[in-house]
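Input: a single structure, listed below in structure tokens.
The values are calculated or read from the model by the stated rules, or taken from the named source; none is laboratory data. If you're wondering where the values come from, they're calculated on a predicted model, not measured in any experiment. Every residue, glycine among them, receives a Cβ derived from its backbone with ideal geometry; neighbour counts consider all protein chains shown. Accessible surface areas use protein heavy atoms only, side chains included; no ligands, DNA or RNA. Shrake-Rupley method; radii C 1.70, N 1.55, O 1.52, S 1.80 Å.
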Amino acid sequence: MYVPDLDLIDLPGMVAGHTKGEADDIAEKTRNLTEKYVKEPHTLIVLVASNRAERIRNSQAFELVQRYNKENQTVGVLTMIDRCADDRRIDDPYWELKERLDGSSDDLPDLGGGYVALKNRDTMLADTMSIQAANVEELEWFNKHIPEETIKSRECLGIDHLLLKLLTLLGTYTEETWSISEKTRLTHERDRVSNELES
């Protein structure tokens with residue numbers, strides 16, 4: 001049985017400058033590498049951005065996604081949510097995250113796959129904690145710090161919801177775009193081969 005390949009590619013983050021020991025053109029290299037994959041027609045994107053960023057839309061990754069019209073093929077992931085600054089002047093250190101997840105923030109571009117917030121995995125426990133245990137720990141953290149009544153939907157919190165969003169995005173894209181594109185390509189290929197045989 002024939003099934004299409006699905007390649008998963010983890011790209012390095014794009015940087016704006018180099019540090020000691022790095023190539024002087026590291027910024028250009030990371031951008032060119034990312035752009036190479038973003039502009040491919042059948043690329044689905046998991047765009048990872050730190051929730052600690054003051055203006056997430058300033059990310060170079062968003063600029064590439066919009067340049068190549070890939071908003072509907074992208075899921076946004078907000079990380080470092082458990083490292084929000086403890087600002088004593090405000091009652092809720094997670095107010096900005098909640099606005100971003102609810103869609104009321106003015107600094108997040110619309111993405112077809114929506115956004116998901118992830119708690120950073122404790123690297124000190126990575127070798128001793130199972131994936132299932134880490135997922136439970138993440139869910140408990142969300143329940144404690146972002147109560148259900150404070151956001152519109154729980155379907156934007158945690159790794160399990162990210163996986164569901166990715167499966168939905170892949171299914172929708174395969175059905176509505178990829179399969180149509182492949183049928184067209186195969187029809188053209190069949191016609192080309194038929195013409196060659198006739199001649």
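A few notes on this one:
- Cβ-defined net charge surrounding D106, 15 Å radius [Lys, Arg +1; Asp, Glu -1]: -2
- Cα-centred dipole magnitude for the chain, charges only on beta-carbon of K, R (+1) and D, E (-1), debye, nearest 20: 240 debye
- Counted charge near I131, where neighbours are those whose Cβ lies closer than 11 Å (Asp, Glu -1; Lys, Arg +1): -2
- Between helix 159-173 and the chain: long-axis angle, C-alpha atoms, 0 to 90°, nearest 10: 20 degrees
- Atom-type composition of the exposed protein surface of the chain places 52 percent of the accessible area on carbon and sulfur (1.4 angstrom probe).
- Surface accessible to a 1.4 Å probe, per residue, for the residues of the chain, Å²: 69 Å²
- Taking other residues whose beta carbon is less than 13 angstrom from the beta carbon of E189, and scoring Lys, Arg as +1 and Asp, Glu as -1, yields +1.
- Distance (nanometres) between label positions extended 7 Å along Cα→Cβ at N32 and D91: 5.3 nm
- Here is the list for the range 1-47: trypsin sites (Lys or Arg not before Pro) lying in DSSP coil, each with at most 14 other C-beta atoms within 10 angstrom of its C-beta, are K20, K39.
- For the chain, modelled as a GNM whose springs connect Cα atoms under 10 angstrom apart, the maximal fluctuation among V15, V46, V38 occurs at V15.
- Per-pair calculated FRET efficiency, R0 = 30 Å: N58 and K20 via Cβ, rounded to 0.05: 0.75
- Efficiency of FRET from Cβ geometry, D106 and R83, R₀ 25 Å, rounded to 0.05: 0.65
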